[in-house]
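The values are calculated or read from the model by the stated rules, or taken from the named source; none is laboratory data. Since we're looking at a predicted model, the values are computed, not measured. Cβ atoms come from the backbone with ideal geometry, glycine included; neighbour counts cover every protein chain shown.
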Amino acid sequence: VTTLVPERRAHASDVLDELHAWLEEHWSPELTVREWWERLGLAGWAAPSLPEHAYGRGLSAGDAVRVLHGIREFGALGPPAGLGLLLAAPTIAAHGTQDQIDRYVRDIVTGRTMWCQLFSEPAAGSDLAGLRTRAVGDGAEWVVDGQKVWTSGAQVAELGMLLARTDPDAPKHQGITFFAFDMRQPGVEVRPLREMTGHAVFNEVFLSGARVGDDAVIGGVGNGWKVANTTLAHERAGLGAGGAGAAGAAVPGSLAGYLDRRAGDLAAARMVTGTGDLAPGSGVLIDLARARRLSADPVVRQGLARLYTMEEVARVMGLRARSAPVPGLPNIAKLSKSAMLRHTRELGLHILGPAGMLHAYDPAQRAVLDEVTGDARAGDVTEAALLAPGPSIYGGTDEIQRNLLGERALGLPREPGPDRDTPFRALPPNG
Ligand SMILES: Cc1cc2nc3c(=O)[nH]c(=O)nc-3n(C[C@H](O)[C@H](O)[C@H](O)COP(=O)(O)OP(=O)(O)OC[C@H]3O[C@@H](n4cnc5c(N)ncnc54)[C@H](O)[C@@H]3O)c2cc1C
């Protein structure tokens, strides 16, 4: 990540001193979320790793994480949650014009807009470059038709990072364009999909005759694959770090309903979005094991020791990734996060026993779970168990992370295929 944005070298303690002094002067729990994010974003503290001309402070990734923790420790409300800050802002900062940075990034850092990621399609997930949603030029606009799927947050997003095919005669990876796309217009239909956790985080999005202007093309027509790779690099880095790269306690945008709430009420809350802090850690499972008189059980002890070890390795890997970019490390961090979550599922359900079958989303079942275990965090364990397959899929599946490690970090040969030179139009479906 650090290679993608210019850095201003600064001493970590200087940065935290400056942050602290700024918070003393500007934070008040009485502000509305809208007022607070306006201050935080325009001062460059919401996305401090962005360059200064893109509403950041040009800090290193490591210092940016320290700033995030510093805001929380101070007791103030953190920056806006979601994919705008995590993905759209750094992508537009890297590839957009100054006018686009002022139009889009300003509203992201101040929490005015919520973004979604319109990448995956029914036949283009791992094979993202095979996408078939098309945008056809019409004067100074483009007309968009197609279908996206698994679009997290689309139901409350004002804008989407849209990948569409603008030149079917070009080879697969070359005829794609990245647009900043207005979600609130005729021709956009969002249909929520309910997950087994009970939440409906992601959606199908149908696009028919929707429109987007030339001035919303990010990084040039036909250059979308390169722009999307910037987005994906930030996604891997954020997910490997636990998805917490941009997870705050409030959702941005006017549709989510947080902007006019009192900032102080949300400052202490933990956001359970399915993409924030994904699972209870070893500390919670140790407490549950003790309460259920399983702390002497050798299998449980071994499982807890393994989870603790995984957490420590992930922590050290995170520190390493933040101090200097290492090829392949974000892929390894994401793989290990997925493995950790699967292990938490097995161990957590083993500790809970039959109570682990109770569904935390259902208030009546959650009440029974709380009563049986005597610990309100048991529901987080069963919810995380149902969420566990997700991180192995989103942001690139485990198999794709391994392919990327092989090809990009280890320099192994690419998978063979004709798709690099053949016009997209001539490829068989899913070719
Ligand atoms: C919770 C969740 C949230 C999501 N949010 C978003 C979102 O907001 N926006 C968005 O655009 N997408 C989103 N996605 C979609 C996600 O990016 C895709 O599901 C993912 O890229 C996999 O694509 P697919 O589902 O089409 O599976 P497929 O690509 O069909 O893969 C099926 C299986 O084949 C394997 N496979 C495929 N190709 C290869 C290969 N070359 N080598 C080895 N194995 C291979 C895969 O690893 C997988 O096991 C989300 C997914 C989930 C689960």
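The residues in region 99-126 that are assigned to a loop (DSSP other than H, G, I, E, B) and of a type in the set (Lys, Arg) can be counted, and the count is 1.
I want to confirm something. Restricting to region 182-226 and keeping residues that are over 30 Å from residue 361 (Cα atoms) and within 14 Å of the ligand (Cβ to nearest atom), which single residue is surrounded by the fewest Cβ atoms within 10 Å (Cβ to Cβ)? Among residues in region 182-226 that are over 30 Å from residue 361 (Cα atoms) and within 14 Å of the ligand (Cβ to nearest atom), the one surrounded by the fewest Cβ atoms within 10 Å (Cβ to Cβ) is 207. Residues of region 394-423 that are within 11 Å of the ligand (Cβ to nearest atom), in contact with a helix residue (DSSP H, G or I) (Cβ under 6 Å, 6 or more places away or on another chain) and within 13 Å of residue 334 (Cα to Cα): 395, 398, 401, 404.
Within region 307-315, identify whether any single residue is in contact with a Gly (Cβ under 7 Å, 6 or more places away or on another chain), charged (D, E, K, R) and in a helix (DSSP H, G or I), and answer yes or no. Yes: one or more hits.
Residue 129 falls short on exactly one of the conditions (1) within 12 Å of the ligand (Cβ to nearest atom); (2) outside any helix (DSSP H, G or I), and that condition is (2). Among residues of region 394-413 that are within 19 Å of residue 326 (Cα to Cα) and part of a helix (DSSP H, G or I), those with a Cβ under 9 angstrom from a residue that is acidic (Asp, Glu) and within 12 Å of the ligand (Cβ to nearest atom), sequence gap 6+ or separate chain, pair up as 403/415; 407/415. Which one of the conditions (1) in a strand (DSSP E or B); (2) of a type in the set (D, E, K, R); (3) over 18 Å from the mean Cα position of the chain (by Cα) does residue 184 fail to meet, given that it meets all the rest? Residue 184 satisfies every listed condition except (1). Just one of the listed residues (381, 368) is more than 27 Å from residue 149 (Cβ to Cβ), away from the ligand (no atom under 15 Å from the Cβ), without any contact (Cβ under 8 Å) to a residue 40 or more places away in the chain and of a type in the set (Val, Ile, Thr), namely 368. Taken over region 132-154, the criterion of being more than 16 Å from the ligand (Cβ to nearest atom), buried (at least 16 other Cβ atoms within 10 Å of the Cβ) and charged (D, E, K, R) is satisfied by 134, 145. Suppose we keep only residues that are modelled with pLDDT under 95 and among the β-branched types (Val, Ile, Thr) within region 321-358. Which one would you say is nearest to residue 383 (Cα to Cα)? Here the residue is 332.
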